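Undergrad: Take this structure, written in structure tokens, and hold onto it; I'll ask about it next.
The values are calculated or read from the model by the stated rules, or taken from the named source; none is laboratory data. A quick note: this is a predicted structure, and the numbers were derived from the prediction, not measured. Cβ coordinates were reconstructed from backbone atoms using ideal geometry, including for glycine residues, and neighbour counts include every protein chain displayed. Quick note on the areas: whole protein, heavy atoms, side chains included, nothing else; ligands and nucleic acids left out. Shrake-Rupley method; radii C 1.70, N 1.55, O 1.52, S 1.80 Å.
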Amino acid sequence: MQQNQQSPSITMKDVAEKAGVSTATVSRALMNPDKVSAATRQKVESAAQAIGYAPHVLTRNTRRGETQTILIIVPDICDPFFSEIIRGVEETAAKQGYIVLIGDCAHQNQQEKSFLNLMLTRQIDGMVLLGSQLPFEASTEELRNLPPMVMGNEFAPEMSLPTVHIDNLTAAFEAVNHLLQLGHRDIACIAGPEETPLSQYRLEGYVQALRRNGLTVDPRYIVRGDFTFEAGSQAMKQLMSLPNPPRALFCHSDIMALGAMNQARNLGLRIPQDLSVVGFDDIELSRYWDPPLTTVAQPRYQIGREAMLLLLEELQGKRVNSGSRLLDAELKVRGSTAPVAKTKK
């Protein structure tokens, strides 16, 4: 007899609708049958069989009920910032016999169902979230049935997840303070998206540094981008078209800083003689740019490693506090910043 193959489009939600129960109940009935009544279990199994749904239980470690698989959710796999964090997670996971799957949130609309399905069917043992939001919508009941999760890089207290990150506000404050100590006063900021918590903290650091030095924050000097090279380039164009263009620039990411520097060069500006630029992240490319970029170095590998160690503690049954673990950041001063040049009268 030929075995029916499951259509890749059939999800646990389809089973739930067929059986007339919630998705969380389907998850429990299929993965933890002792937690539901025999009648409910029978109803869910019949519905799953009728529509050809198989939860891939054969991929699990039958002795321990584990898959030895971890899922990393990345906001944008094309952003080079995340490469070292992912390496930190992967190498730490491999030492404990885990393999790592990578999910790209930049295309989450197509993958939202499959991410949730992976979680609810326990095809993965845990998840490391590198952004500030879950890549799917889930009810409170569903969230209670998800495998352990930790956050790396971001800090979103409302999610109540164990978190590993740096103090973005203080790091941004010190970056802008570096420009102030060089004598700069006309300092602009190319910020990240408003909905991203780390962008909010970095913007607050910029604002506090200016106010601490008695300077007024000019809203025209704050332009938002989406952490891409193109966003930095466009923001630079906008800033240089102002009646009083900035003489220094603080960017929320290195990639935006490099885009801004490239555009500044196209406009005939010299860096750092005409414009000082500070980035954030210390991606590898920033060291080899011309001139090399002054930037806030995040311990990216350590963020990934510590996030995976936190997740391993949870997987071993230890109750990890949902607070945060702060790692140190460091300002790397390179060739893209210099004392403000005296203007000729």
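Undergrad: Scale the Cα Rg of segment 269-314 by the rule-of-thumb value 2.2 N^0.38 Å and send over the ratio, two decimals.
TA: Working: Rg = 15.9 Å, N = 46, 2.2 N^0.38 = 9.4 Å.
Dividing the Cα radius of gyration by 2.2 N^0.38 Å gives 1.68.
Undergrad: Between the DSSP loop rule and a limit of at most 12 other Cβ atoms within 10 Å, which trypsin sites (Lys or Arg not before Pro) in segment 224-328 are left? Show your work: numbers first, answer last.
TA: On the way: sites: ARG224, LYS237, ARG247, ARG265, ARG270, ARG287, ARG300, ARG305, LYS318, ARG319, ARG325; in loops: ARG247, ARG270, LYS318, ARG319.
Here the trypsin sites (Lys or Arg not before Pro) that fit, given the DSSP loop and packing criteria, are ARG270, LYS318, ARG319.
Undergrad: Here is a follow-up. Among HIS178, GLY192, ILE166, whose Cα sits farthest toward the positive end of the charge dipole of segment 160-207 (+1 at Cβ of Lys/Arg, -1 at Cβ of Asp/Glu, about the Cα centre)?
TA: Working it through, the farthest residue towards the positive pole turns out to be HIS178.
Undergrad: At 0.36 nm per residue, and after removing the present C-alpha to C-alpha distance, how many nm does the segment from ASN213 to THR170 gain when stretched out fully? Provide the component values of the computation, followed by the final result.
TA: On the way: separation 43, 0.36 × 43 = 15.48 nm, distance 1.53 nm.
14.0 nm is the gain from fully extending ASN213 to THR170.
Undergrad: Heavy atoms of the protein only, probe of 1.4 Å, neighbouring chains included. What is the accessible area of VAL207 in Å², nearest 10?
TA: It works out to around 20 Å².
Undergrad: Set Lys and Arg Cβ to +1 and Asp and Glu Cβ to -1, take the dipole of segment 196-345 about its Cα centre, and tell me which of PRO243, LEU267, TYR201 lies farthest positive.
TA: So the residue we want is PRO243.
Undergrad: Something else about it: Of the DSSP beta bridges with both residues in segment 241-345, give the percent that are antiparallel, rounding to the nearest 5. It would help to have the intermediate numbers written out before the result.
TA: On the way: 3 of 10 bridges.
Beta bridges within segment 241-345, antiparallel portion: roughly 30 percent.
Undergrad: In segment 177-253, which GluC sites (Glu not before Pro) fall in coil by DSSP and have 15 or fewer other Cβ atoms within 10 Å?
TA: Passing sites in segment 177-253 are GLU194, GLU195.
Undergrad: Given labels modelled 7 Å from the Cα in the Cβ direction, how far is it in nm from ARG265 to ALA50?
TA: 6.5 nm
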